[in-house]
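Notes follow the structure.
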Amino acid sequence: MRKFILLLTACLLAFCGCSSIPDDGSSEVISVYYLTSDESGKSLGYEVFTPDASLPVDGRIDEILRRMKNPMNENNRSLIPEGVEVKEVRVFGSTVVVSFGGEKLDLMDDLDRSLLSAGVTLSLGGVSEIGYVRVADGRANPFFMNGDAILLDDEDLRLSVFELTVYTVDRENNTLEDQQISVISENDELDPQLVVSDMLDGRFGSAAPFEGRMDVRSISKPNERGVVRAEIFVPVEMGLKGYEADLHALVNSLCSCRGVEYVAVTINGRVPSERGIEGCDIPMAFNDTYLEEPQFDQ
């Protein structure tokens, strides 16, 4: 396993000087980094910020990146210049990928890009769930970074991309539609829970199972018989009678994962029939009953 520490990283961290991340025992306090100027010249400095603890990790990341654009101290300057914007943030496992774009991105020189990468990494590194940050800024080989090192290759941080079919609900016709998605994982085996989490990220809107309002409590790995146990939560005010297609959308999607043959679902700790969905209390296999009929040109 090769891990190289760039001299540039040491220089960037040295810029921080006395502006190291404060350790007050609170994981909610984040040091957000900027380019600052004082009598000794330019350096990386930080402002302390407390993100909303009720937000999920991607929400806290968005808050931190927005704060990086708007320093409070007049001596601090954002490392994200005007004309450069955050295009996409993807979180999977303990790794976050931040992609930048914008009309002015190509005008940034290597030093400014490196300062941007270091500032983003140091700022997001204060989030307890994050181990590595990848900053994609248009360079051919973006780096994986944390507060201690930059990885010039990803031999020790392999990311797997899984292409698979999941199922959403056509509300008008009460049928299932197949959708192709890509799921990124740090592991060689795809975690079924990661598949459902991606389905509920908002991309499918109300076509997602249970209108996207369900919450995943736990999804097990398949056992020796290929059975997965899925515990989900659906708001109690939702009357689930007539939501059979939604349950099959969930089951069929999970059956797209390798090794999954059957899915046993509980809803709010109860078997589906107790919430109004009949005939689904036993472990279920892939079912094509609700699939749309293929359309052929006349």
Notebook entry, point to check: Quick one: if the Förster radius is 35 Å, what FRET efficiency do Val48 and Ser197 give, using the C-beta to C-beta distance and rounding to 0.05?
Noted result: 0.70
Check: Going by the alpha-carbon gyration tensor, a ≥ b ≥ c the square roots of its eigenvalues, is segment 166-275 rounded (a/c under 1.5) or, if a/c is not under 1.5, prolate (a/b greater than b/c) versus oblate?
Finding: oblate
Next item on the list: List the chymotrypsin sites (Phe, Trp or Tyr not before Pro) within segment 184-253 that fall in a DSSP loop (any state other than H, G, I, E or B) and whose Cβ has at most 11 other Cβ atoms within 10 Å.
Entry: none
Item checked: 3J(HN,Hα) from dihedral phi, segment 96-107, Karplus parametrisation 6.51/-1.76/1.60, rounded to Hz, x for glycine, proline -> 10, 10, 10, 9, 10, x, x, 5, 9, 4, 5, 8
Checklist line | For segment 169-177, Karplus couplings with θ = phi - 60° (6.51, -1.76, 1.60), whole Hz, Gly/Pro x | finding: 10, 7, 5, 5, 9, 6, 10, 9, 10
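Taking the Cβ-Cβ separation of Gln180 and Glu88 as r and a Förster radius of 25 Å, what is the calculated FRET efficiency to the nearest 0.05?
Details: r = 19 Å, r/R0 = 0.75.
Result of the calculation: an efficiency of 0.85.
R0 = 41 Å: FRET efficiency of Leu291 with Glu231, Cβ-based, nearest 0.05?
0.95
Enumerate by residue number the GluC sites (Glu not before Pro) in segment 197-276 meeting two conditions: DSSP loop (anything except H, G, I, E, B), and at most 11 other Cβ atoms within 10 Å of the site's Cβ.
Within segment 197-276, the qualifying GluC sites (Glu not before Pro) (loop, at most 11 other Cβ atoms within 10 Å) are Glu224, Glu237.
Every number in this text was worked out from the coordinates using simple rules, so none of it is lab data. Given the structure is predicted, the values throughout are model-derived calculations rather than measurements. Don't worry about glycine lacking a Cβ; one is built from the backbone with ideal geometry, like all the others, and counts go over all protein chains shown.
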